[in-house]
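Read through the structure below, which is laid out as structure tokens, and then see the notes.
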Amino acid sequence: MPPKILISACLLSQPVRYDGKGKPLVHPWIEAWKGEGRLVSFCPELAGGMSVPRPPAEIEKGMNGDDVLAGHARVLEVTGGDVTAAFVAGAEKALGLAEANGCTVALLIDGSPSCGSLAIYDGSFGGVKHAGHGVTAALLKRHGIAVYAPSEIEALAAHLAS
């Protein structure tokens, strides 16, 4: 059986993002993997206990998911609320689900303080991104699960074919 793929629920049009919307990734590979039963849909922020909609959140001070996991940074809402514990709990649940389902790779929405793998927002809530990864992406990577952003779907397909 080919490996399963953990995928951000928002990429499958599920309205789980902070703004109550999905961010569908329309691509032939998504349809193929869906048809093969290989996609394991998950939203770490919802799993961590957050609601929809919810205030936007970013990792503080230009830091990243590894910094959060190490206890050196927090995930803060635009309102000032500290939602670090929810982000860490969601990441741990994502890892558990990935391991339980034999997911060796993940396809996660980029930019998110949970799922971002190429770039995340810098914590200023000014729309500025910097290279880095979110809490869930960092935890998955630590456990040997390869993480891809939507812009890397062809690289993911090549990885799975090798």
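The values are calculated or read from the model by the stated rules, or taken from the named source; none is laboratory data. Remember, predicted model here, so these are calculated numbers, not experimental data. Reconstructed Cβ throughout: ideal geometry from the backbone, glycine too, with neighbour counts over all protein chains shown. Remember, those area values only see protein heavy atoms, side chains included, never the ligands or the DNA or RNA. Shrake-Rupley method; radii C 1.70, N 1.55, O 1.52, S 1.80 Å.
Structural remarks
- Longest to shortest principal axis, alpha-carbon extents of the stretch 73-162, angstrom: 44, 26, 15
- Here the translational diffusion coefficient of the stretch 2-50 follows from Stokes-Einstein with Rh set to the Kirkwood radius across Cα pairs; for 37 °C and 0.692 mPa s it amounts to 292 µm²/s.
- Compactness of the stretch 10-88 - radius of gyration and Dmax, Cα, Å: 14.9, 43
- Counting only DSSP H runs of at least 4 residues, each contributing -39500 (n - 2.57), and dividing by the residue count of the chain, the helix-based mean residue ellipticity at 222 nm comes to -8500 deg cm²/dmol.
- About the Cα centre, charge dipole magnitude for the chain (Lys/Arg +1, Asp/Glu -1 at Cβ), debye: 240 debye
- Expressed as a whole percent, the accessible surface of the stretch 7-162 that belongs to carbon and sulfur atoms is 55, based on a 1.4 Å probe.
- Each of VAL128 and SER13 was given a label point 7 Å from its Cα along the Cα-to-Cβ line. The distance between the two points is 3.8 nm.
- Heavy-atom accessible area with a 1.4 Å probe sorts PHE125, PHE87, largest first, into PHE125, PHE87.
- Listed pairs LYS4/LYS93; LYS4/LYS141; LYS23/LYS61; LYS61/LYS129 exceeding 23 Å between Cα atoms: LYS23/LYS61
- Environment charge of ALA131, counting only residues whose C-beta is closer than 12 Å and scoring Lys/Arg +1, Asp/Glu -1: -1
- MET50 accessible area, assembled protein chains, probe 1.4 Å, Å²: 30 Å²
- Probe 1.4 Å, protein heavy atoms only - accessible area per residue of the stretch 35-94 in square angstrom: 44 Å²
- For the stretch 1-156, the relative contact order is 24 percent, taking Cα pairs closer than 8 Å that sit 6 or more residues apart in sequence and dividing their mean separation by the residue count.
- For the chain, the spherically averaged projection of the C-alpha convex hull amounts to 8.6 nm².
- Computed lengthening from SER51 to ALA32, 0.36 nm per intervening residue step minus Cα-Cα distance: 3.8 nm
- For the chain, a Gaussian network of Cα nodes joined below 10 Å ranks GLY111, GLY81, GLY132 by mean-square fluctuation, and the top entry is GLY81.
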